[in-house]
1. Select from chain B the helices, each a whole stretch of DSSP H, whose alpha-carbon atoms run 24 Å or more along the helix axis and whose Kyte-Doolittle mean is at least 0.0; answer none if there are none.
2. Could you identify which residue out of B:ASP210, B:ASP197, B:ASP252 has the top mean-square fluctuation in a GNM of chain B using Cα springs shorter than 10 Å?
3. On average, how many beta carbons from a partner chain sit within 10 Å of the beta carbon of a residue in A:228-241?
4. Determine the total buried accessible area between chain A and chain B, counting protein heavy atoms only with a 1.4 Å probe; round to the nearest 100 Å².
5. On C-alpha positions alone, give me the angle between the axis of helix A:298-308 and the longest principal axis of chain A, in degrees, nearest 10.
6. Which cross-chain or sequence-distant (5 or more) residues have an amide H under 5 Å from the amide H of A:VAL76, H modelled 1.01 Å from N in plane?
7. Where the only charges are on Cβ atoms (+1 Lys, Arg; -1 Asp, Glu), what is the dipole of the stretch A:137-351 about its Cα centre, to the nearest 20 debye?
8. Give me the 1.4 Å probe accessible area per residue for chain B, excluding ligands and nucleic acids, in Å².
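The values are calculated or read from the model by the stated rules, or taken from the named source; none is laboratory data. Please read all numbers here as calculations on a predicted model, not as lab measurements. All Cβ positions, glycine included, derive from the backbone under ideal geometry; neighbour counts span all protein chains shown. Protein only, heavy atoms only, side chains kept; ligands, DNA and RNA dropped before computing areas. Shrake-Rupley method; radii C 1.70, N 1.55, O 1.52, S 1.80 Å.
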Amino acid sequence: MKALFSNPFLLDSVRSMAEVAVVVAALLFGTVRVLRHPVGRGRLKQIFSSRGARVSFGVLLFFLLIALLDSIRLPVYEIRAGERRIVKTETLLEKLYHPAREETLSAPLATVTLEGYRSRPLKGRHILGTDLNGNDVLLQALKGVRTALIIGGLTVVIVIPLGILFGVLAGYFGGRVDDLITYVFSTIESVPEILLLICLMKLMGQGLTQLCIAMGITTWVGLCRVVRGETLKLRELPFVQAARALGAGAFSILRRHIIPNVMHIVLITAILRFSGLVLSEAILSYLGIGVEPGTGSWGAMIDQARNDLARDPVVWWSVTAAGTMLFILILAANVFGDRVRDVLDPRLQGRRV
Amino acid sequence: MSRIDPPGAESTRGLAIENLRVVFDTNEGPAVGADGVTLEVRPGEAVALVGESGCGKTVTGLSILRLLPRPPARIEAGRILFEGDDLLKFSSREMRRLRGGKIAMIFQEPSVSLNPVLTIGFQLKETLALHTGLRGAVAEKRAAELLEEVRIPEPRKRLRSYPHELSGGMQQRVMIALALAGEPELLVADEPTTALDVTIQAEILSLLDDLRARRGMGLLLITHDLSIVARRTSRLYVMYAARIVESGPTEDVLASPRHPYTKALLAAAPSRRRRARGLEVIAGTVPPANRYPSGCRFHPRCPRAHERCSHELPVWEKTGERGTACFYPEPLSEERSVEE
Ligand SMILES: Nc1ncnc2c1ncn2[C@@H]1O[C@H](COP(=O)(O)OP(=O)(O)OP(=O)(O)O)[C@@H](O)[C@H]1O
Ligand SMILES: [Mg+2]
């Protein structure tokens, strides 16, 4: 039993499950909350009445499915000296799509390795070719999905409570509380984001969760600012005044009257922020401070392109695959986000046809 | 309560505002929201507070519940006595218990006075839990009773409605039901019908009147419309530029106004009798609250202003039930009939 818990592979699987579980739990929680509210249900119907929203949501769901498959880790056993031992773990995705490992670069659908690399016959066919280490590019691109979704999703999950809590407190109470919170987020904002991220990553060490926390710290300020502004507006509204006149205390006003009425802004901001976060990961990996090597991320693949594109013949497949996936995910997220904003943002109401 | 009422002091019961002065610190200097306001609402009595837009009616109403935004508002002087206690000395916790409890307030715009994302039932039950401790099925039953009391048809069904599913009149009824949840002894109604159609206006006003009579609750009806206060209120205060300029039994004041402002307001009010002649509009405009003129604040617009009015503030003069702040008031009707 003790051996099981000290098993590094087990720890690995638990962490990989936990990261995705947090995101999925938050998604489910949000969906249930929206569905339980008739107004929310109506808005949801309105969002999905557009074909763009349906298609982009489908794409996002498909990506989520890939990410889930890539999160469930199963042990791989090997019998050595008559003893069954766990040698490594493999995700469900890797079990389903199991391309052979080659020695080095090969072009898409090629039968031999790239010229100049001692033309060796390949063990299998690779739709998108292989990279310098002989890894299948398609598998890597698919593995990047999980990283991207977690980067966007987990960070948003960290950002939302922070942004709401501090934004609402600053906006509602004003005065000293507001001064303090505004001071904190102005300070964070005044440091160039990338520098702050580098510092935080150096402090916490590399890793997917660490990266999400670091990006959470740099992005909550944006949400906080928006929520604070909306709260300033809401607290002057008659229904908040009326609630106060009926004896409601600050806590219940925040809980019942302010927070539910800033949720639409939080949703819009979170969904539109998502794609920005995914892009940041690519940039950070390019700078070498993103996720650990071997996690499989589009950023790392693009980073690799620096060398690949200088080769002769040009190795374009890796960077193209990563770029295309990134493009599809961000396009889908933005199309969906725009639709959500169109439906939820009262300032756009009436401008729609 | 161990407090002993001083002999014959009616004023220890109900609400009595004494010499209230509220100042707003604005960028354009201090603006006076209420200045020396003195008024009284006895238990079970309906009292009207009337005046043009910006004269300080809402400021007065909000200061009773200490709901003015601070900053910019500052209560500089005065006392607000409710059942003998000075509300200005209450702790914020005592104040919270009072709001929606013994004193409730409703506002002008029912459509935005209810939380759009919560059901009527939820909002009612929340308020009931706060002030009566009722919860669950008992609270649900009480909530339906309250809706019935404000004459909302199918109360059980309405509990599950959202505010936007109701008409303006119905929304205001819900607001009234919310205000009644804590069994208030005083209801401050700030222009409760201004946003509503004329027919619905009358229904809401008679509902308020019935509730007041049935529950023995005091009612302070704040309005800019003199035509709605007759027969519905027993006494009337007229406010101009943050000051009370005239008070007295409603019928008497309407029949024979003493202050030139009341007279002008009455001439401008649309009543059946006067409609045919067309409305007279009061000449000039209300001065801004940070630049009130010296002397009697009405003097620049007053047809009867004398030299003295422009630099001396008229003192409050009380004649029996009636009072006015004017150097040259219209004589009381009895006096006039003697003179004539
Ligand atoms: N938050 C505020 N900040 C600054 N000045 C204010 C504020 N609220 C009210 N005032 C001032 O107090 C004066 C009285 O305002 P109040 O709202 O009491 O008028 P009112 O009689 O209720 O008018 P209305 O019929 O338009 O409701 C206004 O002229 C305004 O200048
Ligand atoms: Mg007002």
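1. Span-like helices in chain B: B:198-215.
2. Sorting by GNM fluctuation, first place goes to B:ASP197.
3. On the way: counts 0, 0, 0, 0, 0, 0, 0, 1, 1, 5, 9, 14, 3, 7.
Counting Cβ atoms of other protein chains within 10 Å of each residue's Cβ and averaging gives 3.
4. Chain pair A/B: roughly 1800 Å² of buried accessible area.
5. 40 degrees
6. Counting only residues 5 or more places away or on other chains, the set is A:VAL87, A:LYS88, A:THR89, A:GLU90.
7. 640 debye
8. In whole numbers, chain B has 46 Å² accessible per residue.
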